[in-house]
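Presented below is the structure to which this report refers.
Derivation of every value follows stated rules applied to the coordinates shown; laboratory data play no part. Since the structure is predicted, the reported quantities are computational estimates derived from the model, not experimental observations. Every residue, glycine among them, receives a Cβ derived from its backbone with ideal geometry; neighbour counts consider all protein chains shown.
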Amino acid sequence: MTLPTRKRVRLQGFDYSNPGCYFVTINARTQEPWFGSVDDGLLRPNAAGGMVLEIWLDLPAQFPGVHADMAVVMPDHLHGIIMLGTDPEIPASLTLSAVIGAFKSRTTVEYGRGVRSEGWRPYDQQLWHRSFRDTIVRSDRALEAFRDYIEGNPGRWAEKRGQ
């Protein structure tokens, strides 16, 4: 039996430990509303969604030289902008995958605590999808476009879902 080849999601040959700016999308493993809802274009995060955003914004405390820019936690995913190598005094040895992996790990642990102590809905096996999507942000114009996309994402929620 031949297993399907997994599609590569990182840019082949690119060094993701180099200083740079990245737009990332991190999906929950299932398309269920783990982190809140969107009603009439307004994002309504639940406690789990608030926790996810808090951990995203806390990434610089965990990883000096990392800047967590804008982010939006949607019901079943997160869009965010992250910058690596923002402090020239700190050697660039951290990769984008390591930062996202730590983020997923920390949010999964905290979500599990919420299940046990706050009655959050339990998930089956994994909270997050195995990988994540990234786009290398190569200009100030692209950065502004991604910020606009993040800001407008809740308003596009219903149309994306055919509602």
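Per-structure values
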quantity	calculated
Neighbourhood charge, 10 Å Cβ-Cβ cut-off, centred on N27 and excluding it, Lys, Arg +1 and Asp, Glu -1	+2
For region 42-52, Karplus couplings with θ = phi - 60° (6.51, -1.76, 1.60), whole Hz, Gly/Pro x	9, 6, 10, x, 8, 4, 5, x, x, 5, 4
Under the Karplus curve 6.51 cos²θ - 1.76 cosθ + 1.60, θ = phi - 60°, whole-Hz ³J(HN,Hα) for region 95-100, x wherever Gly or Pro sits	9, 4, 4, 5, 5, 5
Amide H within-cut-off set for M74, under 5 Å, with H built and near neighbours excluded	H79
Distance between region 7-69 and region 87-119 - C-alpha centres, whole angstrom	10 Å
Taking region 25-160 and dividing mean pair separation by its residue count, relative contact order in percent (alpha carbons under 8 Å, at least six apart)	32 percent
W120 long-range amide H proximity, modeled H, under 5 Å	V115
Extension gain from Q126 to Q12, taking 0.36 nm per residue of separation minus the Cα-Cα distance	38.3 nm
Calculated FRET efficiency for the pair R141/V109, C-beta based, R₀ 30 Å, to 0.05	0.20
In Hz, Karplus ³J(HN,Hα) per residue of region 124-132 (6.51, -1.76, 1.60; θ = phi - 60°; x = Gly, Pro)	9, 6, 9, 7, 9, 4, 4, 10, 8
Amide proton proximity set for G36, modelled H, under 5 Å, gap of 5+	N46
The chain, Rg to Rh (Cα coordinates; Rh as Kirkwood inverse mean 1/r)	0.97
Three-way shape call for region 9-50 based on the alpha-carbon gyration tensor, with the a/c threshold at 1.5	prolate
Label-zone membership for region 69-102, site R29, 7 angstrom Cα→C-beta point, backbone N under 17 Å	76-78, 101-102
